[in-house]
Structures are given as C-alpha cells and as structure tokens.
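Novice: This is the structure, below, for whatever I ask next.
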Amino acid sequence: MKFFVDSADVAAIAELNALGMVDGVTTNPSLILKSGRNILEVTKEICDLVAGPVSAEVVASTAEDMIAEGRHLAEIAPNITVKVPLTWDGLRACKVLSDEGRMVNVTLCFSVNQALLAAKAGATFISPFIGRLDDINLDGMELIADIRQVYDNYDFKTEVLAASVRTPNHVADCARIGADVITAPPAVIKALANHVLTDKGLEMFNADWAKTGQSILLK
Ligand code: E4P
C-alpha cells in the first residue's frame, strides 16, 4: 500500500520523505490556505522534493475551465496529478485530461456509483473520503471495501486512494481491505509508530540497562 501525505507543509513532507515514507502527496484548496503559500510555488517545491504523484486541485466549476487549470497545473512538473471534483464537469475534465496522458485524481467521492463513473472516465486515482462519511454517522470504510470489490469485479485500473484518513485504525483497515493508496496528514502517519507497550517496554529495558552500569560504545 502506498503512503501519500495529505499536506502542503513542505517541512513536514520533507521529514517523512527522508524516511522513505512518502510515495506521493495530495493537496486541496483548504491545505493551500493552511500553508499560507502561493499554490504554484508550494506545489513546485513539493514536486521537486517528492518523486511520486503530487495532486494539485482545480477550483473552476466548468469542465472547460477545469481543463485549462489542469493543463496549467500540469506544467509545474511531470509528477503533477490533476485533482478534479466528482461532478459531471469534473468527469468531463477527467476524460479529456487523462486522454492527453495526464494523471487525474477524482476527489470528493462518497459512493460506489461515483467511483464507477470516475473509473470509466479514465481516472488514475479515485479518492473516497472516509472521515467525512464517518462524521455523518455513515461507514467510510465500507465504501473503501465496496469500491475495491467493484473495481476488482471489472478489472478497472483506477487506483483506490483512501482519503480523509483521520486515525491509525483507518490506515490498518485500508491495508486489510487492499486500498492501493492512503493519503493522511503527517501527524497520522507519524502516529502509526506509536504503541503504549513499546513505550512501556522501552522504559523497563532502559531501567534495567542503567542497573548494569555498562556502556555499549565505551569499553
Ligand atoms: C484528499 O485528497 C483530501 O485532501 C483529504 O484527505 C481530505 O481530508 P479531510 O476530510 O480530513 O479534510
């Protein structure tokens, strides 16, 4: 399963990238706002840092304008993935941009039928939002499982990019289901290393080691 970082914070992306944890990056207008940066500049910096796909989202509402924005964003770097919303205009833009050989991520997916349409429009990635479904008492993980099954039933090549990932449990469940990619904020990816028994075990080992009076590096 690939790990994408859901962020426009270059320093946070760089920290995880140095550990080999970053297979790609996703951004959206809210994350650009949070970064306080110009979209073209910050996206270029991220593309220079990360070799994998970097999603940059269009903000137009008509297909024609989305296509124009998508082509402009794609000029930033070869690893740009144009992110379009799951509307009919977004699907039209997806078809045109993917026919041009560009990577397209169709975002704001909340149903299996929407995922089917994105696959048929040639999307490289479909982004079903887990957390936002959970927020309204629906089951985000059930949607990931359903899309996985439907894509496998018909051998669609579109990758399932589980988005709106809020907890380590979301990540583990996506891995069990077989999502191709998860995109999560840096804090969630860092939290994957945490376990209370790891902390407790380390504390005990350190206490016992201190009692030996030994040092590994000094004789
Ligand atoms: C995905 O591409 C989105 O940027 C993101 O995962 C949305 O997450 P949120 O629902 O936590 O804002």
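Novice: I want the local charge near Tyr151. Using Cβ-Cβ distances under 10 Å, sum +1 for each Lys or Arg and -1 for each Asp or Glu among the other residues.
Specialist: Spelling it out: positives minus negatives among the neighbours equals -3.
Novice: State the answer as a single residue: which of Asn113, Val188, Leu31 lies farthest towards the positive end of the charge dipole of the chain, with beta carbon charges of +1 for Lys and Arg and -1 for Asp and Glu, about the Cα centre.
Specialist: After comparing all options, I get Val188.
Novice: Over the chain, what is the relative contact order in percent, taking alpha-carbon pairs closer than 8 angstrom and at least six residues apart?
Specialist: Relative contact order comes out at 16 percent.
Novice: If each residue of separation counts as 0.36 nm, what is the full-extension length gain between Trp88 and His195 once their alpha-carbon separation is subtracted?
Specialist: This chain segment gains 34.1 nm when fully extended.
Novice: For every helix of n ≥ 4 consecutive DSSP H residues, a contribution of -39,500 (n - 2.57) applies; sum these over the chain, divide by its total residues, and give [θ] at 222 nm rounded to the nearest 500 deg cm²/dmol.
Specialist: Calculated at 222 nm, the ellipticity per residue is -15500 deg cm²/dmol.
Novice: If you don't mind, there's one more thing I want to ask. Which semi-axes, in whole Å and largest first, does the equivalent ellipsoid of segment 152-219 have when worked out from the alpha carbon gyration tensor as the square roots of 5 times its eigenvalues?
Specialist: The answer is 42, 13, 11 Å, longest axis first.
Novice: Further question: Around Glu100, which amide H atoms from residues at least 5 apart in sequence, or from another chain, sit under 5 Å from its own amide H, with H modelled in the peptide plane?
Specialist: The answer is none.
Novice: Using alpha-carbon positions, what is the distance between the centroids of segment 106-126 and segment 5-25, in Å?
Specialist: Here the two parts' Cα centres lie 25 Å apart.
Novice: Counting Lys and Arg as +1 and Asp and Glu as -1, what is the net charge of the other residues whose Cβ lies under 12 Å from the Cβ of Val5?
Specialist: Cβ neighbours under 12 Å give a net charge of -2.
Novice: On to the next question. Only four residue types carry charge here, +1 at the Cβ of Lys and Arg and -1 at the Cβ of Asp and Glu. Report the dipole size of the chain about the Cα centre in Debye, rounded to the nearest 20.
Specialist: Taking the Cα centre of the chain as origin, the dipole is about 400 debye.
Novice: Additional query: Report, to the nearest 10°, how far helix 140-154 tilts away from the longest principal axis of the Cα atoms in the chain, using its own Cα long axis and a range of 0 to 90°.
Specialist: Orientation of helix 140-154: about 60 degrees from the principal axis.
Novice: Would you work out the charge dipole size for segment 1-76 about its Cα centre, treating the Cβ of every Lys and Arg as +1 and the Cβ of every Asp and Glu as -1, and quote it to the nearest 20 debye?
Specialist: Computed about the Cα centre, the dipole is about 120 debye.
Novice: So what are the ³J(HN,Hα) numbers for segment 24-37, from phi and the Karplus equation (6.51, -1.76, 1.60; θ = phi - 60°), rounded to whole Hz, Gly and Pro as x?
Specialist: Each residue's phi maps through the Karplus curve to give x, 9, 10, 10, 8, x, 5, 6, 5, 4, 4, 6, x, 10 Hz.
Novice: Considering every Cα-Cα pair within segment 1-88, what fraction, in whole percent, is farther apart than 21 Å?
Specialist: The calculated P(r) of segment 1-88 puts 26 percent of pairs beyond 21 Å.
Novice: Could you give each residue of segment 119-125 its phi-based ³J(HN,Hα) in whole Hz, using Karplus coefficients 6.51, -1.76, 1.60 with θ = phi - 60°, and x for Gly or Pro?
Specialist: Per-residue couplings from phi come out as 5, 5, 7, x, 4, 6, 10 Hz.
Novice: I've got another one for you. Pick out, from Val82, Ala207, Ala51, the residue whose Cα sits farthest towards the positive end of the charge dipole of the chain, with +1 on the Cβ of Lys and Arg and -1 on the Cβ of Asp and Glu.
Specialist: Farthest towards the positive end: Ala207.
Novice: Efficiency by 1/(1 + (r/R0)^6): what FRET value for Asp180 and Thr212, r their Cβ-Cβ distance, R0 = 41 Å, to the nearest 0.05?
Specialist: 0.30
Novice: Looking at the chain, how many pairs of lysines come closer than 28 Å at the Cα, when each pair is eight or more places apart or spans two chains?
Specialist: 24
Novice: HN-Hα J couplings of segment 92-106 from phi, Karplus 6.51/-1.76/1.60, θ = phi - 60°, integer Hz, Gly and Pro as x?
Specialist: 5, 5, 4, 4, 5, 5, 6, 5, 7, x, 8, 6, 10, 10, 8
Novice: How large is the charge dipole for segment 33-126, taken about the Cα centre, if only the Cβ atoms of Lys, Arg (+1) and Asp, Glu (-1) carry charge, to the nearest 20 debye?
Specialist: So the magnitude is around 260 debye.
Novice: Ratio to report: Rg/Rh of the chain, with Cα atoms as the point set and Rh obtained by the Kirkwood method; give two decimals.
Specialist: 1.08
Novice: Please order Leu91, Leu31, Leu197, Leu138 by the number of other Cβ within 10 Å, starting at the fewest.
Specialist: Exposure proxy ranking, most exposed first: Leu197, Leu138, Leu31, Leu91.
Bear in mind that the values in this text are calculations on the coordinates, not laboratory data. Keep in mind it's a predicted model, so treat the numbers as computed, not measured. All Cβ positions, glycine included, derive from the backbone under ideal geometry; neighbour counts span all protein chains shown.
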